[in-house]
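Accompanying notes for the structure given below.
Here, each number is a calculation from the coordinates, and none is a lab measurement. Not measured: the values here are computed from a predicted model.
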Amino acid sequence: MIQESLMSILAQIPNPEPQAPPGAEQILGVVGNIKWGAGVALLVGFFVGVLVWAGGRWVDHHRAGKVGVVMMLCALGGGILYGIGYQLLTHFAGV
């Protein structure tokens, strides 16, 4: 009996539509700029790694060649994380 009366009271509570907070457009603009900068940084890191690797092999400096390979692998790993990061976050957030 008490449960039925509580359920009828709870059923009457309105469920308003969600609204974006003020300033949300500016925040999304900043996040978009950060994503763009991260993508450019990944590309630059990869190509600088290629240059370091090629330069290290050209002058027979094996340590520089290894550093270039590590830079390229880090850029590739970062690119993979950049690509799947949004999907992981939305999956875990339940959106």
Mean separation of Cα contacts under 8 Å, 6 or more apart, over the residue count of segment 47-95: relative contact order %
30
Give, in nm to one decimal, the length gained when the segment between Leu51 and Val69 is fully stretched (0.36 nm per residue of separation minus the Cα-Cα distance).
5.5 nm
Calculated from DSSP helices alone, with each H run of at least 4 adding -39500 (n - 2.57) and the total divided by the residues of the chain, [θ]222 nm to the nearest 500 comes to -29000 deg cm²/dmol
Enumerate the helices in the chain for which the Kyte-Doolittle hydropathy averages 0.0 or more and the C-alpha atoms extend at least 20 Å along the helix's axis, using complete DSSP H runs.
24-58, 62-93
Expressed as a percent, the portion of alpha-carbon pairs in the chain spaced more than 16 Å apart is 73
